[in-house]
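Reading through the structure tokens given below for one structure.
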Amino acid sequence: MSELVLEVENLTKWFPLKRGLTLRTKGHIKAVDDVSFEVYRGETLGLVGESGCGKSTLARSILRLVEPTSGRVKFKGSDFLGAEGRDLLAMRKRMQIVFQDPYGSLHPKMRVGKILEEPLLIGGYGDAERRRGRVKELIGLVGLKEEHLSRFPHEFSGGQRQRIVIARALATTPDLIVCDEPVSALDVSVRSQILNLLEELQERFGLTYLFISHDLSVVEHICERVAVMYLGKIVELADKKALFSNPVHPYTQALLSAAPTFGARPGRERIVLEGDIPSPANPPEGCRFHTRCRFAVDLCGTKPELRDIGGGHLVSCHLFGGGKEPE
Ligand code: SF4
């Protein structure tokens, strides 16, 4: 395996639930709970799951856009959560994020040239002349022209705006880019163009992506490995081919069977999940999926570990702890 870029160990993010006039803490929303995984240089790790499963909170916790409650994040071997001052700034330059809504993440009253220059200024990148040169280089990297630098965000299409966001993310020559639903808000016709651009840039600069999406066909297109989240926890993580052709966790099986492009494939059984996702403020004890799982047994009242069942295929399910498999 190549160089480790990101190591996430037992990461947890709980939000306090405050109620009443005194705003006393009455509980916690357990958005991310004891999550561990690794991402290697040059790969794209997909993170999938229903909305509200905690994938975006996980991404924001990794980048400290929200401070995690506990756990560790290592970036290229260095402790990121414990970093402060110059060390933190230096690491932040190498870890960027692309959000779902390109319009919302661009200042509407700033021209594109200024938007792209801002991270260079913050990062102390050379003098005005060097910054101008870098801004021109960035706009070209994402397939736009120099004349676009003098325009405002509202003068662009959704796809062009996402290109500008990607250019801004590239400004500080990052190693890792977290892509949080980067094509979900775009027209279907431009999605593949943005995905192709991300792939080209990855190849050219050796970028590593953590790619969050609820769209399994997009994830199948762009990712090498895929992690599946349910109610704040990773329940399965595997090579893309293994996960899509042979999903073993009962939740992954249900998730794939409900997706049009996967559920319709030969030999795939349609699985309808009963009941709603439980509240993350009061998640079920033991296996969090046991309230909706068709294979649940008494043992599922205790917490399953995320185990390697062979070839780096990780599953959190008691059915795979003692050699027993779903029938
Ligand atoms: Fe289902 Fe039990 Fe496996 Fe959880 S541990 S997924 S409830 S069989």
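List of remarks:
- Here is the list for segment 226-327: trypsin sites (Lys or Arg not before Pro) lying in DSSP coil, each with at most 16 other C-beta atoms within 10 angstrom of its C-beta, are Arg268, Arg270, Arg294, Lys324.
- Segment Phe295-Arg94, extension gain: residue separation times 0.36 nm, minus the distance between their alpha carbons: 68.0 nm
- Ranked Glu129, Glu137, criterion: other C-beta atoms within 10 Å, fewest first: Glu129, Glu137
- Counting only DSSP H runs of at least 4 residues, each contributing -39500 (n - 2.57), and dividing by the residue count of the chain, the helix-based mean residue ellipticity at 222 nm comes to -9000 deg cm²/dmol.
- A simple spin-label model places the labels of Arg130 and Glu224 3.2 nm from each other, with each point 7 Å out along Cα-to-Cβ.
- Reported value for the chain: 162 Å³ per residue, from the convex hull of its C-alpha atoms.
- Loop-resident sites, segment 227-281, for GluC sites (Glu not before Pro), counting at most 15 other Cβ within 10 Å (DSSP): Glu269, Glu274
- Counting only Cα atoms, segment 91-140 measures 31, 27, 19 Å along its principal axes, largest extent leading.
- Rounded FRET efficiency, nearest 0.05, which uses the C-beta distance separating Asn282 from Thr261 and R0 of 45 Å: 0.85
- The ranking of Cys293, Cys53 by Cβ neighbour count inside 10 Å, starting from the fewest, reads Cys293, Cys53.
- Gap separating the Cα centres of segment 87-146 and segment 230-254, nearest whole Å: 36 Å
Since every read-out is calculated from the coordinates, none of them should be taken as a lab result. Treat the numbers as computed from the prediction; the structure is a model and nothing was measured. Here Cβ is always computed from backbone atoms with ideal geometry, including for glycine, and neighbour counts include all displayed protein chains.
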